[in-house]
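Everything on this sheet refers to the single structure shown next.
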Amino acid sequence: MIRKAYSVSQVNAYVKSLLERDGVLRGICIQGEVSNCKLHPSGHLYFTLKDSGGQISCVMWESARLRGLSFALRDGQKVQATGDLTVYERAGTYQLSARSIQLYGIGQLYEQYELRKRQLAQEGLFAPEHKRPLPRFPKTVGIVTASSGAALQDICTVLHRRNPYVQPILASAQVQGDGAAASVVRGIKLLCKAGVDVIIVARGGGSIEDLWAFNEEIVARAVFACPIPVISGVGHETDTTIIDYVADRRAPTPSAAAELAVCESAAIEAQLVDFHADLTGAMLGRLAKERKNLEMLSRLLSLQKPQNRLVRHREVWEQQSKALCLAMEKIVSEYRHRLAILGEKLHSLSPLRRLGKGYGYLTDEAGQAVETVDQLEKGSRLHIKLLDGSVWAVVEETQKGDDAHE
């Protein structure tokens, strides 16, 4: 008997129609782990859901992705995808055409975490301008943690080792389970009323469920509203909770939070020794400088005393007087020398030097030298100066010309 042969396309179309008519497979919700997740340039999302026993191909068209996916889908996430099972006729495979995807279990908590983090960030609770500086030398450190946990022991050990003078004050709180968030908030408020210098909110490591109290909104807002600087020391280094973003400082562990809270007393003492040496050196240097200034001012003051000024003026006067006398003596000596020279010249020109040997010096009654006969007339009186005396004479007659020698 020859059976009717069907084409591949006919078979695939028939299977597709069967799946699409099955009410169970329409609007089905499939739970599994995401793998091979790829976002196509077209906006369509392709991925695989798997568990320990199998896997199924999935597609989420761009229009559905924009409406039904509120987080970034990544490999390894546990999700619940709701949609319709269809056949991809060209490949002869069936796939889930997803309309919505939600995280579940830890994934669901993670989705809540991301959503809450975005909301609080938009409100400004994580903004750097709201971060308060930690006190440099706190006297009291408030601790919000479980009284029986290892975190408290680690914090106290570090505080005592670094600075035994700091007083830790515990506000015991439930850090896990129902009511933990409210307990942590109460502890923060109690320490604010106590007036501590800095607060550490801490607990040891654990799963996301264990640490969930520190992701609660009431804890984040209590830390943000706290007027005292808060250090978050929740979990291990890889754990990150919302309180870490709100706190003024985040420490990877409770011990590290204690390290941030206080300075080492030994380092402070060493710094004080250095400050003392620097201050002593600066004071000695300043004293030496002021001593020099005082000596200089003393010398200036001494120079300004009236007695010293008189002495200086007297010394100047004596020097100037001595110089003046020397200058006058020099001038007098020069004039005396010139006078002697001029006297010699005058003496050599004096008519008195010609007296003698029959010569005399004639003057009239007025004492004027007689140089010509025109100055005389008959009866004029003459004064004749001779070498050894004087003679007065009367002119009897005058005569001019060459005949005067006859």
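Any read-out appearing in this document is the output of simple, stated calculations on the displayed coordinates, not a laboratory observation. In this text the structure is predicted, and so the values were computed from the model without any measurement. Note: ideal-geometry Cβ built from the backbone for every residue, glycine included; neighbour counts use all protein chains shown.
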Problem - More than 28 Å apart - percent of Cα-Cα pairs taken over the stretch 40-192 - result: 50 percent
Practice task
Could you tell me what % of all Cα pairs in the stretch 8-104 have separations over 21 Å?
Solution key: 31 percent
Handout entry: Computed [θ] at 222 nm, deg cm²/dmol, the chain (DSSP H ≥ 4; -39,500 (n - 2.57); rounded to nearest 500)
Key = -14000 deg cm²/dmol
Practice task
Please give the helix 106-123 orientation as an angle from the longest Cα principal axis of the chain, in degrees from 0 to 90, rounded to the nearest 10.
Solution key: 30 degrees
Practice task
Could you pull the Cα extents of the stretch 139-263 along its three principal axes, largest to smallest, in whole Å?
Solution key: 36, 28, 25
Exercise for the section: Grab every C-alpha pair in the stretch 118-168, bin the distances at 10 angstrom width from 0 up to the longest one, and report whole percents. Expected result: 20, 33, 28, 18, 1
Practice task
Can you grab the distance from the C-alpha centre of the stretch 51-119 to the C-alpha centre of the stretch 17-36, Å, no decimals?
Solution key: 12 Å
Exercise for the section: Compare the Cα positions of 166, 272, 60 along the charge dipole of the chain (+1 at Cβ of Lys, Arg; -1 at Cβ of Asp, Glu; about the Cα centre) and return the one farthest towards the positive end. Expected result: 60
Problem - From the coordinates shown, Cα Rg over 2.2 N^0.38 Å corresponds to which of [x] 1.09; [y] 2.97; [z] 1.04 - result: [y]
